[in-house]
1. Per DSSP H run of n ≥ 4, the term is -39500 (n - 2.57); total these for the chain, divide by its residue number, and report the mean residue ellipticity at 222 nm rounded to 500 deg cm²/dmol.
2. Of the options Thr9, Gly70, Pro115, report the single residue whose Cα projects farthest towards the positive end of the charge dipole of the chain (beta-carbon charges: Lys, Arg +1; Asp, Glu -1).
3. Before anything else, pin down the relative contact order of the chain: Cα pairs under 8 Å, at least 6 apart, normalised by residue count, whole percent.
4. What longest region of the chain stays clear of trypsin sites (Lys or Arg not before Pro) that DSSP places outside H, G, I, E and B and that have at most 12 other Cβ atoms within 10 Å?
5. Using just the alpha carbons, could you tell me how many Å³ per residue the convex hull of the chain encloses?
6. Once fully extended, how much extra length lies between Arg150 and Asp121, figured as 0.36 nm per residue of separation less the alpha-carbon to alpha-carbon distance?
7. With +1 on each Lys and Arg Cβ and -1 on each Asp and Glu Cβ, and nothing else charged, work out how big the dipole of the range 11-151 is about its Cα centre, in Debye to the nearest 20.
8. Have a look at Asn143, Leu102, Leu61 and report the one farthest towards the positive end of the charge dipole of the chain, computed about the Cα centre with Cβ charges (Lys/Arg +1, Asp/Glu -1).
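Any read-out appearing in this document is the output of simple, stated calculations on the displayed coordinates, not a laboratory observation. Being a predicted model, the structure only gives us computed values, none of them experimental. Every residue, glycine among them, receives a Cβ derived from its backbone with ideal geometry; neighbour counts consider all protein chains shown.
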Amino acid sequence: MSGDRGDGTDLQSFAVRLRRMTAEFNRIAHEFANEHGLHTTDVQALIKIFDAPAPITPSRLRQELNLTSGAVTACLDRLERAGHIRRVRDAHDRRVVHLHYLDAAKELAGAFFRPLGRSTDNALRRFGPEELRTVAAFLDAMNEELDLLRDAPRSP
């Protein structure tokens, strides 16, 4: 897939498409942050908290966002003050804190991102089930590779 095929399926063509899509997602996230008095890091934290299959801990959030403990604490303080999240101590181990995205904040985000959801749905409708399975497999593979890249030591 890395060779120049002339049909738009080469590495360079995919890189351009992925950068363009990422830049647009970032633009929308910045708009949300600006409209709600948040930092862009706060929005990234909200996304991680929302997407986590179970309530995430501040420590896990710190790892996911590659931030210092102090930066995560400041971020969580802002999000809690703004009414987006709640910190809940674990019932069995009071040292453990879980982060919960509040329902009212989810509704606020849902309203803001609804046009993006409609656009995504419009794009999905252009493809059949088998094509969508292929796209989903590609996105899963990209995320797996990005996870490996995140964990790999940097070499010059």
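1. Working: 6 runs with 103 residues, N = 156.
Counting only the DSSP helices, I get -22000 deg cm²/dmol.
2. The Cα lying farthest towards the positive end belongs to Gly70.
3. Values: 99 pairs, mean separation 20.4, N = 156.
This gives 13 percent for the chain.
4. Values: sites that count: Arg5, Arg94, Arg95, Arg125, Arg126, Arg154.
The reported range is 6-93.
5. Values: hull volume 26.3 nm³, N = 156.
Value for the chain: 169 Å³ per residue.
6. Numbers: separation 29, 0.36 × 29 = 10.44 nm, distance 2.99 nm.
Full extension from Arg150 to Asp121 adds 7.4 nm.
7. Working: 21 positive and 20 negative charges, 57 e Å.
The calculated dipole for the range 11-151 is roughly 280 debye.
8. Farthest along the dipole direction, towards plus: Leu102.
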